[in-house]
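What follows is a single structure, written as structure tokens, with notes after it.
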Amino acid sequence: MTKIDIIDQLPYSKPFLFVDELIDVSENRVTGYYRFPESSDFYQGHFKDHPVTPGVILTECCAQIGVVCLGIYLLQKEGSFIQKGIQIGMSSTQMEFLLPVLPNEKVIVTSEKVYFRFNKLKCKVKMHNSEGQLVCKGEISGMFKSDANA
């Protein structure tokens, strides 16, 4: 499964897709990026005259790249992934926010697998801005269910 195949299998579409490209995917980690378009609706009301990307959206971006993309890769690798047949549920998240992300800013998400067992994936995630500054970090866990294990 290629990096493009993984993105194609994501159960999201615009405007709720927060993955532009995967840079690297392996059994233990994933790295990808996303640029937050200035035209995104949430900027219209999230701090008048000084738009900032909401923390919940930053968390979602980290989850999509850091947990869902890695989970799809791992499920495919063990042979239990069926195309377009995946259900995902976030089971826990703990994030620390350090810097704002402004409209049109590119972020890079890196995720390292803590464990993957019984279709539950727990990862340590970090988001950096294009200047290499740490924007947020934390742990996110999610459960995966495919048609193969329904």
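Descriptive notes on the structure:
- Residue in the range 111-120 that is of a type in the set (Ser, Thr, Tyr) and under 28 Å from residue 43 (Cβ atoms) present: yes
- When the residues of the range 113-136 are filtered to those that are under 15 Å from residue 61 (Cα atoms) and in contact with a helix residue (DSSP H, G or I) (Cβ under 9 Å, 6 or more places away or on another chain), the one that is surrounded by the fewest Cβ atoms within 10 Å (Cβ to Cβ) is 124.
- Among the residues making up the range 32-58, a single one is among the hydroxyl-bearing types (Ser, Thr, Tyr), open to solvent by 20 Å² or more (accessible area, probe 1.4 Å) and touching a strand residue (DSSP E or B) at 6+ places or on another chain (Cβ under 9 Å): 33.
- Unmet criterion (only one of (1) out of contact with any strand residue (DSSP E or B) (no Cβ under 7 Å at 6 or more places or on another chain); (2) open to solvent by 40 Å² or more (accessible area, probe 1.4 Å); (3) not charged (D, E, K, R)) for residue 23: (1)
- Some residue of the range 105-112 being in a loop (DSSP other than H, G, I, E, B) and at pLDDT 95 or above: yes
- All positions within the range 1-20 that are open to solvent by 20 Å² or more (accessible area, probe 1.4 Å) and modelled with pLDDT of 95 or more: 17, 20
- Of the set (1) modelled with pLDDT of 95 or more; (2) closer than 18 Å to residue 57 by Cβ; (3) buried (at least 18 other Cβ atoms within 10 Å of the Cβ), all apply to residue 100 but (3).
The values are calculated or read from the model by the stated rules, or taken from the named source; none is laboratory data. Quick caveat: nothing in here was measured; it's all calculated off a predicted structure. Cβ sites come from the backbone with ideal geometry, for glycine too, and all protein chains shown count toward neighbours. Note: accessible area is taken over every heavy atom of the protein model, side chains too, but ligands, DNA and RNA are not part of it. Shrake-Rupley method; radii C 1.70, N 1.55, O 1.52, S 1.80 Å.
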